[in-house]
Each structure stands twice: as structure tokens, then as C-alpha cells.
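What follows draws every value from the coordinates through simple rules; no lab data is involved. As the structure is a computational prediction, the values presented were derived from the model and not from experiment. Here the Cβ positions follow ideal geometry from the backbone for every residue, glycine too, while neighbour counts run over all protein chains shown.
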Amino acid sequence: MNVRIVLNASYPRTEYVAKLYSRFLSGKIPGDEFEKGIEEATINLFKFLKEIGINIFTDGMFRWDDIFNPLIKYVEGVKINGLIRFYDNNFFFRAPIIESKLKLSNEHPFKEWFKKSLDLAKNVFDGSEILLKQPLPGPLTLALNSINNHYGGLDTLISDWRSEVLEPLIKDLSTVGLSAVEIHEPSLVWKGTSDELRKVGVKELSYLIDYASSIGVDVWLLTYFGSLRKLRELVNEVSRAIIGLDYYSDERGRVQLVIRDYGLKRVMLGVLNARNTLMERPENIRRAIFKALDYGAKEIYVGNNAPLDFIPEVIASKKLRRLSRIVRKLRR
Amino acid sequence: MGWSKIELPILPTTVIGSYPRPKWLREFIKGYREGKYKEDQLREAFDDAVIAVVHDQEDAGVDIPSDGEQRRDEMVEYFAERIGGFVFYGPVRVWGNNYFRKPAVVSKLKYKGPIVINEYLFLRKVSKAKVVKVTITGPYTIADWSFNEYYRSKDELASELAKIINTEIKKLEEVGALYVQIDEPALTTHPDEMDWAIDVINEVVKGVNIKVGLHVCYSNYKVLKPYFDELKVSQLALEFANRGFRDLNILKNLNKELGFGVIDVHNRRIEDPRDVAKAIGKVLRYVEPECIYINPDCGLKLLPRNIARRKLEVMVQGAKYVRERLSRRGLTNTILRRSAECP
């Protein structure tokens with residue numbers, strides 16, 4: 001059975017990393033000491049992933065505050081505002097205020113950061129096969145979480161986030177070895193998003209997937225905080241990407257019906273609940289995998305349904321370890 | 001003191017609850033965590049800090065002070081630590097590099113004994129004010145900001161918490177407390193849960209015969225408005241300065257007291273008392289003067305202490321300007337109300 005385990009999005013900063021940040025932000029340690037600390041934390045995460053048998057992963061996003069920051073800091077035309085709630089979570093982010101036309105800054109550090117993480121991962125995994133993904137917010141999610149003081153309509157704003165920021169960034173990252181990008185689109189399935197905007201979001205994603213594919217980058221489209229069933233037949237327009245489903249966003253298992261109804265072949269089952277400390281039941285994970293197979297999925301990944309920032313690090317590590325054990329047992 | 005005798009100046013001034021910890025207390029707590037001090041020494045430091053911050057509030061002219069929540073690190077943690085059935089696995093990010101110890105409910109919740117009774121008794125002892133305020137984090141917010149590993153639903157968890165908080169408020173009543181405020185910053189976060197969330201808050205005040213206010217901040221008040229009549233609390237303490245005093249029209253037909261937020265607690269700029277008075281003037285178009293209390297938007301704890309103190313002085317001065325106008329109409333006093341309706 002070809003089911004692979006993945007770490008998506010952020011991994012919680014350990015207390016060590018959080019303290020490192022505090023000390024750096026308050027000027028108590030210099031930049032190079034901070035960099036060294038981040039490097040150490042990233043190596044420790046990769047070692048842990050290797051130990052539990054996960055070789056498709058992100059670098060834990062230790063340098064990121066949320067899925068938008070610091071990306072928006074390196075976008076011309078954007079000012080950064082006060083704190084805004086991240087959907088219905090007790091988690092907040094600094095929102096982009098759009099003051100003029102968007103453009104990715106030439107001075108962004110993401111290429112350097114990705115290269116560094118990739119080198120560290122290769123080193124830890126010692127030549128064995130790995131896939132390091134770069135998480136980025138999707139165009140619809142970026143637009144609907146922006147405060148728009150410039151664009152006449154949301155359609156243009158969504159389109160510019162894609163064409164002026166995300167695509168140039170993916171291109172830059174592809175030059176240093178990026179072969180898979182995670183596009184986070186909670187807004188695509190969020191209950192507050194209108195069908196009309198979902199349609200625009202899907203169209204832009206479709207362009208983005210084509211663009212990424214043309215430069216050799218595979219897209220993982222992660223949807224969470226809502227059921228993918230909301231997209232209905234629109235899902236066909238993006239189904240060449242690996243589609244992430246939030247297993248906890250719908251009545252038990254029903255989100256997976258979308259695999260059967262629209263013939264999805266490449267899926268990431270978000271069976272690890274990133275919003276509760278309760279350990280997942282092995283039978284539920286097994287059921288989710290068998291259902292996906294029954295419904296015709298050919299390429300199946302299992303992982304966390306959303307960024308892991310919402311749970312303590314000690315729980316996140318326990319959940320990943322447990323997920324890995326369950327899936328390995330299943331493979332046997 | 002009997003209820004019929006409790007008179008307050010018109011537009012009573014109060015705080016929402018938290019107040020900055022003195023720098024020396026923060027250092028003392030750090031030392032305690034490093035093992036340099038004993039528990040009784042920490043208790044003494046907390047007592048001293050309460051005396052200091054109550055003095056700040058009273059000196060600024062605040063009519064109804066709190067103890068500044070000096071003993072509390074965080075509003076959910078503090079209660080979860082004192083209710084049976086919670087565990088703490090570790091810190092969880094709230095934003096940026098800011099974390100809180102989000103509790104998890106792992107077994108049936110249990111009232112282990114008084115949670116804030118001693119806080120109240122000490123505050124009552126050291127304050128010169130006629131009335132003091134005790135704040136309690138509400139059941140909906142505790143449920144929303146916890147991991148639920150035990151109860152079948154969040155609704156069930158919040159109902160259980162409501163019973164526990166109700167027990168605590170009744171005990172506060174027994175020892176003489178007159179005014180409790182339930183803090184529910186999470187209340188409007190999930191609009192589809194509002195129906196049962198309101199029931200849960202009403203469960204908190206069931207059989208309680210003292211004044212209970214409800215504080216809801218940084219929220220969508222349009223979601224709250226349809227429930228104004230249903231809420232069995234005597235006051236709604238709402239934040240308005242942060243939103244530039246927009247949304248005042250939601251107060252139309254409000255049938256209970258308003259705790260009117262006139263000070264922005266997330267901005268270090270000191271307000272002008274004339275602007276405070278102007279804002280009160282605006283709210284008087286919607287709410288009768290005898291049904292208005294004046295307070296900051298929210299707890300002041302994130303501000304430097306000297307700025308918090310100055311902001312309170314400005315708030316009091318702004319209220320005084322309006323009181324002068326009201327006194328010309330013969331309105332000089334109001335009473336401490338328990339009922340869910342005003343006037």
C-alpha cells in the first residue's frame with residue numbers, strides 16, 4: 001500500500017526557539033547567534049522526522065509567525081497592520097494593508113532560507129530520498145485576509161497576489177531546488193466565503209498550478225477549516241494538484257466523498273487534528289485511508305490537517321510519531 | 001452594606017480588570033520561578049502589588065477599582081489551574097512569538113474550592129471604595145480557549161464550567177461581594193454557537209443576587225445585539241474607543257446598563273479628557289445617564305504602568321466634565337443595580 005506520511009505547514013516552535021526569538025527581538029543576542037539557533041532547531045526537527053520515518057516535510061516554518069508573515073513584509077505596496085483573528089482560532093496575525101500595486105521585493109530572503117533548509121535536510125537524511133515543501137498562502141486566502149485600500153475589485157487583488165507575488169516567488173525558489181510548494185487556501189472552503197469568490201479563487205489557483213508545473217514545481221493545495229465538498233465540481237479545475245482535505249471539517253469522513261464524487265486521484269488526508277490535543281484513534285485513520293482507496297485515489301498522503309501551531313510541541317511530536325506508527329503497521 | 005443604600009456618583013468610573021504589574025513584582029515573580037523565593041514571600045509580594053495598584057486607581061479618582069488581577073498571569077490559565085479536570089501540556093502560540101499555556105480538559109470538571117474569594121477579601125480590605133469589582137473569566141471563553149478531550153461537545157463543556165463559576169459567584173456573594181464581572185472576549189467568535197453560549201452565561205448568574213456585568217471586547221457587536229434582551233446580566237461592558245466610537249447605534253434600545261469603553265488600551269497615546277467627554281456625550285443619545293458606567297475598553301495590563309495611570313486620570317476627568325453638565329439637570333447620583341434591566 002503506497003501511503004506516505006507528511007508534515008505539512010508549521011511545526012510548533014519549541015520553548016527553546018521561542019526564547020531564542022524573544023532574545024533576538026529584544027536585542028539580547030546578535031543575528032548570527034539567532035541564525036545558528038534556528039539552524040539547530042531545524043536540524044533537530046529533521047532528525048526527529050527521519051527517526052519516525054517521514055521524508056516529505058516542510059522546514060517547520062520556524063522563521064514564520066503565521067502563514068502570511070514575513071512574506072508580506074517583502075511585498076511592495078503592502079503595509080502591515082495590527083492583529084487580526086485567524087479564522088475562528090484564538091490565534092492572530094498581522095494583516096497586509098494594500099496601499100498600491102503589489103510586487104514581490106527583489107530583496108526577499110526566502111531563496112536563501114529555502115536553500116539553507118534543503119541543504120540541512122539533505123545532510124540529515126544523508127542521501128536518502130526527501131521532499132522539502134515550501135508553504136505559502138494561496139491568492140484567495142491572501143486577498144480575503146488583506147485590508148484593501150488600493151484595488152478596485154477583489155478579483156484583481158486575488159489575481160495580483162498570484163501573478164505579482166506568488167508566481168515570481170515560486171520561480172525564485174525553483175532556482176534553488178524547490179520541487180513542491182504547499183499552497184494554503186483555508187478561505188477556499190471557509191463558510192464565510194461566497195461561491196462567487198470561490199470560483200475566482202479556483203480560477204487563479206488553476207493558473208498558478210499550470211505555472212508551477214511549467215517550471216517543474218508540484219503543487220499541494222491544502223484546504224482546511226472547512227469542507228472541500230463546498231467546492232463541488234470546481235474541484236476538477238485544480239485536481240491535478242495534490243489536494244489536502246481537512247478530515248475534521250465535516251461530519252466524520254464525509255469530506256472524503258469528494259474523492260469519490262469528483263474522481264480525485266492525488267490526495268493528502270488531513271487526519272492528524274492540529275486543533276485538538278486528543279490523540280487520533282488508529283481505526284479512524286485506517287478507515288480514512290481505506291475509504292480513499294475505495295473511492296479511487298491513487299496517490300495518498302496522510303498528515304496534519306492544518307498548521308501545527310495550534311497545539312503544544314509535545315503533543316504535535318506525539319501525534320506525528322503515533323501517525324507514523326499506525327501507517328507503518330498498515331503498510332505491513 | 002445593604003443594597004438599598006448603595007449610591008454612586010452619576011457615570012461611575014471603573015476599570016475592566018487587569019492593571020500593569022509593577023516592575024519589581026515582575027522581577028520578583030521571575031526570581032520565584034528561579035527558586036529564589038518561597039511561596040509565602042510571593043504571596044506577600046502579590047498583596048503589596050495589589051495595595052499599590054489599588055492606590056493608583058483610587059488616586060486617579062476611579063470609583064470602583066479592581067485588584068488589577070495582579071495574581072493572574074493569564075485569564076484562562078488562572079481558572080484552569082484552580083478547577084479540577086484540566087491539564088497543561090505546554091505553551092501554544094497566540095500570535096508572533098507570544099504564547100499561552102492553553103489548558104486541556106481531560107476528565108470531568110470539578111469545583112475544587114474557592115478560586116477568587118481570597119482575592120476579593122484582600123481587595124475589600126485594602127480599598128477605600130464603597131464598591132469593588134471582581135472579574136471572572138466566563139465559561140464560553142474558557143471552553144473556547146481550551147482543548148476538549150473529555151466532553152462530547154463544547155456546549156457540554158461550557159455548561160459544566162458555568163455551574164462551577166455559578167458556585168464561585170454564590171460564594172463571593174456569601175462573603176459580601178457586590179459586583180462581579182464575567183469576561184467573555186471569545187463570545188462572538190463563532191456566531192453559530194451564540195444561542196447556547198447565551199444560555200451558558202445565563203446559567204452563571206442563576207440564583208445570584210449581586211450585580212453581575214458581562215465584558216465582551218474586540219468582537220462583532222452585531223452578533224451580540226440580538227441577544228441583549230435575553231442576557232440576564234445587569235451590565236454590558238463594551239469596547240468603543242478602539243473602534244473610534246463607531247457602532248454606537250447597536251446600543252439603540254439597550255435595556256440594561258452599559259459599561260462604556262472610552263480608553264484605548266492598545267495605544268500608548270494619552271487621550272484628551274475633552275474627547276472622552278465628547279464620546280460620553282455621543283453615547284448619551286442612546287443610553288440614559290443613570291445606566292452608564294465609564295471604563296477603559298479592556299484590561300490595562302499591556303500598557304506601561306505610568307501610562308495606564310495617566311489614562312485613568314483622563315478617563316475620570318472626562319467623566320467629571322459630563323457630570324457637571326448632568327448636575328445642572330439634577331442628576332448627581334445613581335444606584336448600584338442588580339437587575340437585568342435599566343432604567
For residue A:103, counting only aspartates and glutamates whose alpha-carbon sits under 15 Å away and dropping same-chain residues fewer than eight positions off, the answer is A:76, A:160, A:164, A:167, A:172
Please find the FRET efficiency linking residue B:222 to residue B:339, where r is the Cβ-Cβ separation and R0 is fixed at 25 Å, and quote it to the nearest 0.05.
-> 0.45
When B:71, A:85 are arranged by how many other beta-carbons sit within 10 Å of their Cβ, fewest first, they go A:85, B:71
Antiparallel %, DSSP beta bridges [both residues in chain B], to 5 | 30
Using the Kirkwood formula over every pair of different C-alpha atoms, what hydrodynamic radius in Å results for region A:254-304?
-> 11.2
Once you've got the Cα coordinates, tell me which of B:225/B:301; A:19/B:301; A:47/A:133; A:73/B:301; A:73/A:265; A:203/A:265 are over 25 Å apart.
-> B:225/B:301; A:73/B:301; A:73/A:265
So the FRET efficiency between residue B:7 and residue A:73, C-beta based with R0 = 45 Å and rounded to 0.05, is 0.25
Which distance in nm do the two modelled labels at residue B:267 and residue A:254 give, with both placed 7 Å along the Cα-to-Cβ direction?
-> 4.5
With Cα springs under 10 Å, the Gaussian network model of chain A assigns the largest mean-square fluctuation among A:177, A:253, A:27 to A:27
Looks like region B:141-227, by Cα gyration tensor root eigenvalues a ≥ b ≥ c and the a/c under 1.5 rounded cutoff (else prolate when a/b is bigger than b/c, oblate otherwise), is oblate
Semi-axes (Å, rounded, descending) of the ellipsoid equivalent to chain A per its C-alpha gyration tensor are 28, 26, 18
State to the nearest 20 debye the size of the charge dipole of chain B about its Cα centre, where the only charges are +1 on K and R beta carbons and -1 on D and E beta carbons.
-> 760
Only residues of region B:118-154 count here: report those whose backbone N is under 16 Å from the spot 7 Å along Cα→Cβ of residue A:322, or say none.
-> B:147-151
Using a cut-off of 27 Å between alpha-carbon atoms, which lysines can reach residue B:112, once sequence neighbours fewer than 8 places away in the same chain are excluded?
-> B:38, B:102, B:125, B:133, B:154, B:163, B:170, B:171, B:206, B:211, B:232
Measuring from centroid to centroid over Cα atoms, what is the spacing of region B:155-228 and region B:20-86 in Å?
-> 24
For the pair residue B:167 and residue A:51, the simple spin-label estimate (label points 7 Å beyond Cα toward Cβ) gives in nm 4.1
What is the calculated FRET efficiency for residue B:190 to residue A:290, with r their C-beta to C-beta distance and R₀ = 45 Å, to the nearest 0.05?
-> 0.90
Identify, among B:318, A:117, A:80, the residue whose Cα sits farthest towards the positive end of the charge dipole of the protein assembly as shown, taking +1 on the Cβ of Lys and Arg and -1 on the Cβ of Asp and Glu, with the dipole about the Cα centre.
-> A:117
For chain B, modelled as a Gaussian network with Cα springs under 10 Å, which listed residue fluctuates most, B:270, B:83, B:29?
-> B:29
In debye, nearest 20: dipole of chain A around its Cα centre with unit charges on the Cβ of K, R (+) and D, E (-)?
-> 1380
Express in nm, to one decimal, how much length is gained between residue B:286 and residue B:327 on full extension, taking 0.36 nm for each residue of separation and deducting their alpha carbon distance.
-> 12.9 nm
Any idea what % of Cα-Cα pairs in chain B are farther than 38 Å?
-> 11
What is the order of B:55, A:184, fewest Cβ neighbours within 10 Å to most?
-> B:55, A:184
Expected sort for B:127, A:26, B:327, A:179 with the fewest Cβ neighbours (10 Å cutoff) up front is A:26, B:327, A:179, B:127
What residue among A:37, A:67, A:7 has its Cα farthest toward the positive end of the dipole of region A:1-150, where the charges are +1 on Lys, Arg and -1 on Asp, Glu, each on the Cβ?
-> A:67
Given only helices, namely DSSP H runs of n ≥ 4 each adding -39500 (n - 2.57), what is the per-residue ellipticity at 222 nm of the protein assembly as shown, to the nearest 500 deg cm²/dmol?
-> -12000 deg cm²/dmol
Starting from the alpha-carbon convex hull of region A:172-321, give the projected area averaged over all orientations, in nm².
-> 9.3
With labels modelled as points extended 7 Å from the Cα through the Cβ direction, what inter-label distance (nm, one decimal) is found for residue A:155 paired with residue B:175?
-> 6.4
Between B:141, B:189, B:14, which gets the highest mean-square fluctuation from a Gaussian network model of chain B, Cα cutoff 10 Å?
-> B:189
What does the protein assembly as shown give for Rg and for Dmax, in Å, if only its C-alpha atoms count?
-> 26.8, 86
List the residues of region A:17-47 whose backbone N lies under 15 Å from a point placed 7 Å from the Cα of residue B:30 along the Cα-to-Cβ direction.
-> A:19-20, A:22-29
Using only the alpha carbon atoms of region B:192-323, find the Kirkwood hydrodynamic radius as the inverse mean reciprocal pair distance, in angstroms to one decimal.
-> 15.5
Cα-centred dipole magnitude for region A:170-237, charges only on beta-carbon of K, R (+1) and D, E (-1), debye, nearest 20 | 280
For the charge dipole of region B:238-324, defined by +1 on Lys and Arg C-beta atoms and -1 on Asp and Glu C-beta atoms about the Cα centroid, which residue among B:277, B:291, B:242 has the Cα displaced farthest towards the positive pole?
-> B:242
